[in-house]
């Protein structure tokens, strides 16, 4: 789609530049080989972007039809792509109204039909919104969060190197330069498409920011992959308009080198030393037979690698959880339901993740901390994600200990 639909906007050579710039974006490469919906979401948003612009320019029902199709796909695949599709379509509608284009009626009907097709999912959407009101894993919004949303498309995701920092600086310098040139007559042909790409990217982040500030935090850098293609548009237009071929080739070569070099390093990244954790607990703490998971992120992988270790897995029920997907994980409401006083067990936590911290606090309050340990992945250089281990001896719940003391005092009397 990027090449064939892109030709209608940038020309054949410009469409080639567009595809080369896509290859240079590390974030797209990272998520392209993961079993997630982000790449399909990014694909749908790219389609919404292309056909929003083409419909404005051509006023053809064919382009409106494809805009409608990609909008429906976007609202179903991911809520960030839904937000991006909403922003793009609002821009199209307002542009048509501002220019007094009668096609605004056709576009409005396509939006109403999209809303109608979303009704089957509306019930589930409401349920999900209500669930995240109680708890969600995304941290509170901060300036660092916002900065990461802009930087992460061109970095290694969890760390930075000289290559990725150089790529961030170079790309944003070129993007800013392109928008400064937007007033020039030579760029007038691409003025609308430039503004559309900027509005979709920034507008989607603003929607997420508003929801985060007034409801529940949902602004997180990982979700930027859904709209990251919008950052490639200014670069593509700059290279289409650049007259100096030698400078163009040098810049494209540098961007490709930095982007591919950054992408390659992410393939050697470890998302967690899960197998090592099972082996480490078995050899270092052979007395441990029970593992209590604080967050579900450790539950699935550690169950997968348990094998014949003899370890059993437990979970304290929380507001937000998909642990039901792992039948090997035993779920309880209180530690005392599966632990007895004096029993040694291990609580595992994923790299300082604050989710379900109240469960960790409960367990620590009812247990004696023997040792706090950490398992790192030594197979890779950038294995920065760690599994934290809490070796604990269960003392019993505070109520049970109070009742035991009262009974013991009565017996003495």
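The values are calculated or read from the model by the stated rules, or taken from the named source; none is laboratory data. A quick note: this is a predicted structure, and the numbers were derived from the prediction, not measured. In this analysis, Cβ positions are derived from the backbone assuming ideal geometry, glycine residues included, and neighbour counts consider all displayed protein chains.
Filtering segment 213-234 for residues that are part of a helix (DSSP H, G or I), surrounded by fewer than 21 Cβ atoms within 10 Å (Cβ to Cβ) and free of Cβ contacts under 8 Å to residues at least 12 places away in the same chain leaves a non-empty set. Can you find even one residue in segment 313-321 that is outside any loop (DSSP other than H, G, I, E, B) and out of contact with any strand residue (DSSP E or B) (no Cβ under 9 Å at 6 or more places or on another chain)? No, the conditions are met nowhere in segment 313-321. Restricting attention to segment 249-278, the residues that are assigned to a helix (DSSP H, G or I) and touching a residue at least 12 places away in the same chain (Cβ under 8 Å) total 18. Pairs meeting the criteria (first residue in segment 334-355 and in the same structural domain as residue 395 (by TED's automatic domain parsing) and over 18 Å from residue 374 (Cα atoms), second residue assigned to a loop (DSSP other than H, G, I, E, B) and modelled with pLDDT of 90 or more, beta carbons under 9 Å, at least 6 apart or on different chains) are 334/366; 335/366; 336/366; 339/366; 341/395; 342/395; 343/289.
You will find that of 43, 118, 10, the residue that is out of contact with any strand residue (DSSP E or B) (no Cβ under 6 Å at 6 or more places or on another chain) and either under 14 Å from residue 226 (Cβ atoms) or at pLDDT 95 or above (or both) is 43 and no other.
The residues of segment 192-222 that are at pLDDT below 90 and touching a helix residue (DSSP H, G or I) at 6+ places or on another chain (Cβ under 8 Å), listed by number, are 215, 216, 218, 219, 220, 221, 222. The residues of segment 137-152 that are at pLDDT 70 or above and in a loop (DSSP other than H, G, I, E, B), listed by number, are 138, 139, 140, 141, 142. Report whether or not residue 97 is touching a helix residue (DSSP H, G or I) at 6+ places or on another chain (Cβ under 8 Å), surrounded by 14 or more Cβ atoms within 10 Å (Cβ to Cβ) and free of Cβ contacts under 8 Å to residues at least 60 places away in the same chain. The answer is no for residue 97.
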